[in-house]
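Everything below concerns the one structure shown next.
Taken together, the values in this text are just the output of simple stated rules run on the coordinates, not laboratory data. In this text the structure is predicted, and so the values were computed from the model without any measurement. Cβ atoms come from the backbone with ideal geometry, glycine included; neighbour counts cover every protein chain shown.
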Amino acid sequence: MKLGVLGAGAWGSALAHVARTAGHEVHVWSRGGALEPLREAQGLILAVPAQGVREVLSGLKSIVTNSGNRLPLIISAKGIEQGTGLFMNEVVAQVLPQAKPMVLSGPSFAADVMKGLPTAVVMAAREITQAHQWAEALSLPQFRIYASDDVKGVEIGGALKNVLAIACGISDGRGLGDSARAALTTRGFAELTRFAAKMGANPDTLMGLSGLGDLLLTCSSRQSRNYSFGHALGEGKSVAAALAQSRGVVEGAATVKIAQALARQHGVDMPIVDAVHAIVDEGVAPDQEIARLLSRPLGPEIRQG
């Protein structure tokens, strides 16, 4: 097939490498480049930062509108749009209703994919047959793609794990130890599943690659920009300084404010997300939020209902 990849960063380049290795003809678009070469694409992969998705999609209107059939659009951006609270598939539906949105997510670092190291991710579409079709079209022996029909659940896992990775980075930056990181990851996962259930996703989806899998990877590796950003905050750097030293966009820093607002709006208790929001968006000292978390009332580990 002829495929277009929107985004020439590390992840866009990695996905372009996967698509070429799978035997497809690939054109990579970078910001400022001409969109015309994408007109003949039979599918598009969206690999730009979440907060830039709407702008990029707006530029695609003429191409997608004139493509005849609904053009498959695979979203690999992980985040929630600030201002609207929309997930990426919802942004696509609003800006490009002619497109057929899918979501690709899971525990994957671009560098590992480029090296051909074993990686497993998930492709979500509203119709499971479409998810299977595209999973098979892009899978490699070392890049396995599983199929799902829970688009919302897969997107929630990808977006919120970035926020929780910041929390784990802060903990490690403060030198709180492996046990604290394990506790944060586990309790963060509980917040993730509560949020998913409230938002109408299947909580079981979060047990998979896009939820637990991505969370375990992102919360424990300096390869993760979100974890590294949190680590810098834990070491005492300001938010501005921590962002400045990042190797690229820190999606969790942009997502946490709207994630916290959605949790409040839907009545979901998410104390770790609250803490990251206070540190990143309100300038509260990490030690103050750590003390607040440690002083919370004790209760049952597993909540019923």
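To the nearest 0.05, how large is the calculated FRET efficiency for residue 61 and residue 244 if R₀ is 45 Å and r is the Cβ-Cβ distance? List each step's numbers first, then the result.
Working: r = 34 Å, r/R0 = 0.76.
The calculated FRET efficiency here is 0.85.
Expressed in units of 2.2 N^0.38 Å, where N is the residue count, the Cα radius of gyration of the stretch 254-301 is 1.18.
Would you mind checking the stretch 234-277 for residues with the amide N under 20 Å from a putative spin-label position 7 Å along Cα→C-beta of residue 294? Taking a point 7 Å out along Cα→Cβ of residue 294, the residues of the stretch 234-277 whose backbone N falls under 20 Å are 234-237, 271-277.
Report, in deg cm²/dmol and to the nearest 500, the calculated mean residue ellipticity at 222 nm for the chain, where each DSSP H run with n ≥ 4 adds -39500 (n - 2.57) and the sum is divided by the residue count.
Numbers: 14 runs with 149 residues, N = 305.
Calculated from helices alone, the mean residue ellipticity at 222 nm is -14500 deg cm²/dmol.
Packing here is the average count of other Cβ atoms within 10 Å per residue, and on that basis the peptides 287-294, 250-257, 157-164, highest first, run 157-164, 250-257, 287-294. Evaluate E = 1/(1 + (r/R0)^6) for residue 287 and residue 34, where r is the Cβ-Cβ distance and R0 equals 51 Å; express this FRET efficiency to the nearest 0.05. Between residue 287 and residue 34 the formula returns 0.50. Label sites at residue 266 and residue 84, each approximated as a point 7 angstrom past Cα along Cα to Cβ, lie 1.7 nm apart.
For the stretch 1-136, what class follows from the C-alpha gyration tensor (a ≥ b ≥ c being the square roots of its eigenvalues): rounded when a/c is under 1.5, otherwise prolate if a/b is larger than b/c, else oblate?
Numbers: a/c = 1.32, a/b = 1.21, b/c = 1.09.
Rounded, since a/c falls under 1.5.
Partners of residue 78 within straight-line reach, counting lysines whose Cα lies under 18 Å from its Cα and excluding those fewer than 8 residues away in the same chain: 100, 152, 161, 257. In the chain, one over the average inverse separation of all distinct C-alpha pairs is 19.5 Å, which is the Kirkwood hydrodynamic radius.
Hey, any idea what the orientation-averaged projected area of the convex hull of the stretch 184-269's Cα atoms comes to, in nm²? Don't skip to the end; give the middle numbers.
Numbers: hull surface 23.7 nm².
If I average the Cα hull's projected area over directions, I get 5.9 nm².
Neighbour counts of C-beta atoms inside 10 Å place 95, 18, 64 in the sequence 95, 64, 18, starting with the fewest.
DSSP loop (so not H, G, I, E, B), at most 13 other Cβ within 10 Å: list which trypsin sites (Lys or Arg not before Pro) in the stretch 1-43 pass both filters. All intermediate terms of the calculation are to be shown ahead of the outcome.
Details: sites: 2, 20, 31, 39; in loops: 31.
Sparse-neighbourhood loop trypsin sites (Lys or Arg not before Pro): 31.
With a Förster radius of 25 Å applied to the beta-carbon distance between residue 8 and residue 144, the computed FRET efficiency rounds to 0.50. Label positions at residue 21 and residue 111, each projected 7 Å from the Cα along the C-beta direction, are separated by 1.7 nm.
List the equivalent ellipsoid semi-axes of the stretch 157-215 in whole Å, largest first, each obtained as the square root of 5λ for an eigenvalue λ of the Cα gyration tensor. The partial results should precede the final answer.
Details: eigenvalues 101, 18, 17 Å².
They are 22, 9, 9 Å, listed largest first.
Explain nothing, just the number: dipole magnitude of the chain about its Cα centre with +1 on each Lys and Arg Cβ and -1 on each Asp and Glu Cβ, in debye rounded to the nearest 20. Taking the Cα centre of the chain as origin, the dipole is about 240 debye. Taking other C-beta atoms within 10 angstrom as a stand-in for reagent exposure, 185, 129 fall in the order 129, 185, fewest first.
If the only charges are +1 at each Lys and Arg Cβ and -1 at each Asp and Glu Cβ, what is the size of the charge dipole of the stretch 160-305 around the Cα centre, to the nearest 20 debye? Could you put the intermediate results ahead of the total?
Values: 15 positive and 14 negative charges, 18 e Å.
Approximately 80 debye in magnitude.
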